[in-house]
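Written below as structure tokens is the structure these notes are about.
Laboratory data are not the source of any read-out in this text; all were calculated from the coordinates shown. Here the structure is a predicted model, which means the values were calculated and not measured. With ideal geometry, Cβ positions are generated from the backbone for all residues, glycine too; neighbour counts draw on all protein chains shown.
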Amino acid sequence: MPVVFTTVLLLVCANVFMTFAWYGHLKNSATAPWIIAVLASWGIAFFEYLFQVPANRIGHTALSLPQLKVLQEVITLGIFVPFSIFYMREEMKLDYLWAGLCLVGAVYFAFREH
């Protein structure tokens, strides 16, 4: 499997766990003490790291560190937007689309050949 594809696949998995670890408690345990949310989030984040660390190690064999970071951020938003809309029931605004287009520009500049 190509390095970039493997990296993207692992980062997508990591970001699903990360998104739930960071934001899932806002819906699932909003009334629980914050320490419970922290402990649950740490438990979920453990699985994020099982994907994140190999993704970065594999990805760094073919991508620069800035390319890995930009890729990570774009994947994060690609996971976060559906999570926000479908799971958290947040309203989608046009400004979020414009912000996403700015990120497409960031990807272009990070990956273009010099």
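Of the GluC sites (Glu not before Pro) found in the stretch 7-96, those that fall in a DSSP loop while having at most 15 other beta-carbon atoms within 10 Å are GLU90, GLU91. For the chain, the dipole from Cβ point charges (+1 on Lys and Arg, -1 on Asp and Glu) about the Cα centre works out to 100 debye, to the nearest 20.
Rg and Dmax, both from the Cα atoms of the stretch 1-72 and both in Å, are 14.4, 45. Taking R0 as 35 Å, what FRET efficiency do you get between PHE47 and ARG112 from their Cβ-Cβ distance, rounded to the nearest 0.05? It comes out at approximately 0.55. In the stretch 3-111, taking the dipole from charged Cβ atoms about the Cα centre, the farthest positive-side position among THR31, GLN67, VAL107 is held by GLN67.
Compute the Rg to Rh ratio over the stretch 1-43 from the alpha carbon atoms, using the Kirkwood formula for Rh, and round to two decimal places. When Rh is taken as the Kirkwood radius, the ratio is 1.21. Computed from the Cβ-Cβ distance with R0 of 30 Å, the FRET efficiency linking VAL3 to ARG89 stands at 0.20. Between GLU73 and VAL38, the modelled label-to-label distance comes to 2.9 nm, taking each label 7 Å out from Cα in the direction of the beta carbon.
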